1. At 20 angstrom or more along the helix axis (alpha-carbon based) and mean Kyte-Doolittle of 0.0 or higher, what helices does the chain contain? Whole DSSP H runs only.
2. Given a 1.4 angstrom probe, I'd like the percentage of the accessible area of the stretch 181-289 that is carbon and sulfur, rounded to a whole number.
3. Taking a ≥ b ≥ c as the square roots of the Cα gyration tensor eigenvalues, with a/c under 1.5 meaning rounded and otherwise prolate when a/b beats b/c, else oblate, which class fits the stretch 190-326?
4. So for the stretch 1-155: antiparallel DSSP bridges make up what percent, rounded to the nearest 5?
5. So if I place +1 on the C-beta of Lys and Arg and -1 on the C-beta of Asp and Glu, and nothing else carries charge, what would the dipole magnitude of the chain be about its Cα centre? I want it in debye, nearest 20.
6. Probe radius 1.4 Å, ligands and nucleic acids left out: which of His10, His62, His113 has the largest accessible area, and how do the rest follow?
7. Given 37 °C and 0.692 mPa s, compute D for the stretch 2-167 with the Stokes-Einstein relation, Rh being the Kirkwood radius over Cα pairs; round to the nearest whole µm²/s.
8. How big is the accessible area of Phe93 in square angstrom, nearest 10, if you roll a 1.4 angstrom probe over the protein chains?
Amino acid sequence: MGVMIDGVWHDRWYDTAKSGGRFEREASRFRDRLALTPDDDGLPAVPGRYHLYVSLACPWAHRTLIWRKLKRLEDAISVSVVDPRMGGAGWTFGAPVEAGPDAPAFAGATGDHLASHAAMHQVYAAANPTYTGRVTVPVLWDRERATIVNNESAELVRMLDRAFDHLAPAHGNPDLVLCPDDLRDEIDAVNAVVYDAINNGVYKAGFATTQAAYEDAVEPLFAALDQMEARLAAGAGWLVGGRMTEADLRLFTTLIRFDPVYHGHFKCNRRRIADYRMLRALTARIAAVPAVAATIDDTHIRWHYYWSHTTINPTRVVPVGPDDPLVVNPAFPAPTPPGL
Ligand SMILES: N[C@@H](CCC(=O)N[C@@H](CS)C(=O)NCC(=O)O)C(=O)O
């Protein structure tokens, strides 16, 4: 874990002292955009031009992997997967030095297909030699301009939802638009609650270094989960529009990590997702979609958090459970979402 200052990597943990023990997430720095249609003025959606850097452990990067699969962009956008164990060098493509001499890379980590860098901070330095800020995934890289297009997952998924659809059926999937125009305002409203209290709320609870900061995050987190539980019950099992949308998928990448990681490691332990009828059914139903199932890696998820955050778990011992937290609730069968 660390930060870049003027293009130089520094190994340091989040500084919560200046914010009363609170974790405050920095805004992403690369904010270019792909054209959503061929006549729009963004960067053109050209198959083979862009490359995604992701971690299979990361809920924000997981969003982009899900969109890449559901929107049939696997042949259009290549991917490199980092090792889930984040040590003093931040995200690396091979095993971190802390794993020991000659430790092999983690199964499922791919190396840097594009530039053979050893660490993600080198990707950021290649994009901007004087970069100052955090080195996060996901990153969408532009081969043609040799820089980062965007490193904000919320914006990336909106781009991937449309940008390649004019190339269907070779690339893109216009039959499955996850943020359709008529639902966008409602999706944005649900996302705002889910982002602050749930997606980022688990981090605010887990990275808090005072009791007050922790409780200030964990109480709104469970209030928002209750609110989403009620919304799902009223909405035929989906958050918006009675069908699977961006709102469900943005909630999903936190829910799938909740019982194995956030409940224990981040102390979000009032309840498990398995204890909520609707949230559990939503998690199981989305995880059962084959394109989504292919993006879930429970080992990367558990190893990343428990191994990397030594301020929380200094022994780096990674728990083995829970056993399958995703048993489908038989009272709520999982129909295939439309467009798949
Ligand atoms: N706002 C970003 C957040 C991405 C993010 O925080 N990713 C985490 C992994 S889960 C990361 O790379 N953290 C490294 C760090 O903060 O040093 C997004 O949604 O794309």
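1. Details: long enough: 211-234 (35 Å, 0.12).
Within the chain the helices that satisfy the rule are 211-234.
2. That share works out to 47 percent.
3. Working: a/c = 2.11, a/b = 1.31, b/c = 1.61.
Oblate.
4. Values: 15 of 21 bridges.
Restricted to the stretch 1-155, the bridges split so that about 70 percent are antiparallel.
5. With only Lys, Arg, Asp and Glu charged at Cβ, the dipole is about 520 debye.
6. Values: His10 65, His62 0, His113 120 Å².
Solvent-accessible surface, decreasing: His113, His10, His62.
7. Numbers: Rh = 16.6 Å.
D, rounded to a whole number, is 198 µm²/s.
8. 10 Å²
The values are calculated or read from the model by the stated rules, or taken from the named source; none is laboratory data. None of these values were measured; they are calculated from a predicted model. Positions of Cβ are generated from backbone atoms using ideal geometry, with glycine treated the same way; all protein chains shown enter the neighbour counts. We work out accessible area using only protein heavy atoms, side chains counted, and drop any ligands, DNA or RNA first. Shrake-Rupley method; radii C 1.70, N 1.55, O 1.52, S 1.80 Å.
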